[in-house]
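One structure is given below, encoded as structure tokens.
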Amino acid sequence: MSFALTVGSSTTTEEVFWSATFFLLGLVVGSFLNVCICRLPLNKSIVSPPSSCPHCGKFIRWYDNIPLISYLMLGGKCRACGSPISPIYPIVEALTGFIFGLFFYRFAVKAGQPPSVYFAYIALSAALIVSSFVDLEFYVVPNEITHWGTALGPLYTLLFPSLHPSADPLRGLSLIGNDRLDAVLASLTGILAGGGIVLLTALLGGLVFRKEVMGMGDVKLMAMVGGVVGWKLSIIIYFLAPFFALVGAIPLLLSGKGRRLPYAPFLSVATLVALPLQTSLIKFLDSRLFILSEVVKALF
Ligand SMILES: [Zn+2]
């Protein structure tokens, strides 16, 4: 089964309609992610009670809780007390909507990937958005997200091996000869590679700088990412993240948040950028690995 609606290069009305529908779905999911970002670090329930203004405590009515629209209609202020509403809310909603729509267009429409691949990618994106904004605010990556996310990767792959297809040398492994087991192995290898490379950096950094350069939260976050994207893309993401960190450090330093740089947002941005570009990025890594293996062969 595939989402691919048409075969051809031009974009049809139907493709635009469904991508826009998933954009709207993303806005609604983004609204729920805001609740997670506010409540997970405080160990509060994400289901009840309904949202209320953090200043006056008044419950927010449904018509004041419409993603993006309500923020604009209210001019960014609480209807009851007039206190400013954090711009983080509409930013998270717009970002989630944008990713849901763009990924649907990129993976389901243009690449003709099965629904299971699309849903794994947007679930991972949602987990990364929550982790990043919690890390920015509280300097901690929520275990509720990374523990579950890491455990679900291989389980989801067991159900839907198309996430790591063994026939695709870019994304899969073919070691056992059974599609399903090979796919689970690819997910587990991704967890080890993603988590392992960050753990190694954290240990080495601790030895060299005698302070924490990366925390266990970052290790778990990359383990979760690895379970979905596999070992090759995990390594690429690890090397891409510092470039985003260099750019992101400037506004964080200026805003006075730079005393300690949260790293989860940069690993997340690198993941969200690398996912749509994975084919070219993995081909690039493969060609480098090939050259390396030829050099090793020539030497020994
Ligand atoms: Zn209020």
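Values in this text are rule-based calculations from the coordinates and carry no lab data. Quick caveat, the model's predicted, so the values are computed rather than measured. Positions of Cβ are generated from backbone atoms using ideal geometry, with glycine treated the same way; all protein chains shown enter the neighbour counts.
Some observations on this one:
- Prolate/oblate/rounded label for region 96-167 (Cα gyration tensor, a/c 1.5): oblate
- Relative to the Cα centre, the charge distribution of region 1-125, modelled as +1 at Lys and Arg Cβ and -1 at Asp and Glu Cβ, gives a dipole magnitude of about 440 debye.
- Between the residues Ser166, Pro84, Leu155, the greatest Cα displacement towards the positive end of the dipole of the chain, with unit charges on the Cβ of Lys, Arg, Asp and Glu, is found for Pro84.
- Least to most buried among Cys38, Cys56 (fewest other Cβ within 10 Å first): Cys56, Cys38
- For the chain, size of Cβ-based charge dipole, Lys and Arg +1, Asp and Glu -1, in debye: 700 debye
- Between His55 and Leu136, the C-beta separation translates, for a Förster distance of 25 Å, into a calculated FRET efficiency of about 0.75.
- Separation of the Leu299 and Cys81 label points, Cα + 7 Å toward Cβ, nm: 6.4 nm
- Centroid-to-centroid, using Cα positions, region 36-62 and region 124-143 are 17 Å apart.
- Three-way shape label, region 253-299, alpha-carbon gyration tensor, a/c 1.5: oblate
- Links that overshoot a 27 Å alpha carbon limit, given the list Lys110/Lys220; Lys232/Lys297; Lys44/Lys232; Lys211/Lys232: Lys110/Lys220; Lys44/Lys232; Lys211/Lys232
- Protection-proxy order for peptides 156-164, 73-81, each taking the mean of Cβ atoms within 10 Å per residue, highest first: 156-164, 73-81
- Packing, as the average of other Cβ atoms within 10 Å across residues, places the peptides 290-296, 138-144 in the order 138-144, 290-296, highest first.
- Of Ala270, Ala245, Ala167, the one that fluctuates the most in a GNM where the chain has Cα springs shorter than 10 Å: Ala167
- Amide H contacts under 5 Å for Ser52, placed H, 5+ residues apart: Ile60
- For the chain, calculated [θ]222 nm from helices alone, where every DSSP H run of n ≥ 4 adds -39500 (n - 2.57): -22000 deg cm²/dmol
- Anisotropy class assigned to the chain is oblate, per the alpha carbon gyration tensor with a/c at or over the 1.5 cut-off and a/b no larger than b/c.
- Toward the positive end of the charge dipole of region 115-300, with +1 on the Cβ of Lys and Arg and -1 on the Cβ of Asp and Glu, the farthest Cα among Leu246, Phe266, Leu281 is that of Leu246.
- In the chain, the longest principal axis of the Cα atoms and the axis of helix 88-103 are about 40 degrees apart.
- Positive-end residue of Ile129, Ala20, Leu292, charge dipole of the chain with Cβ unit charges: Ile129
- Counting neighbouring beta carbons within 10 Å and listing from fewest to most, the residues Glu93, Glu137 come out as Glu137, Glu93.
- Choice from Trp231, Trp18, Trp62 showing the highest fluctuation, given a GNM over the chain with Cα pairs closer than 10 Å: Trp62
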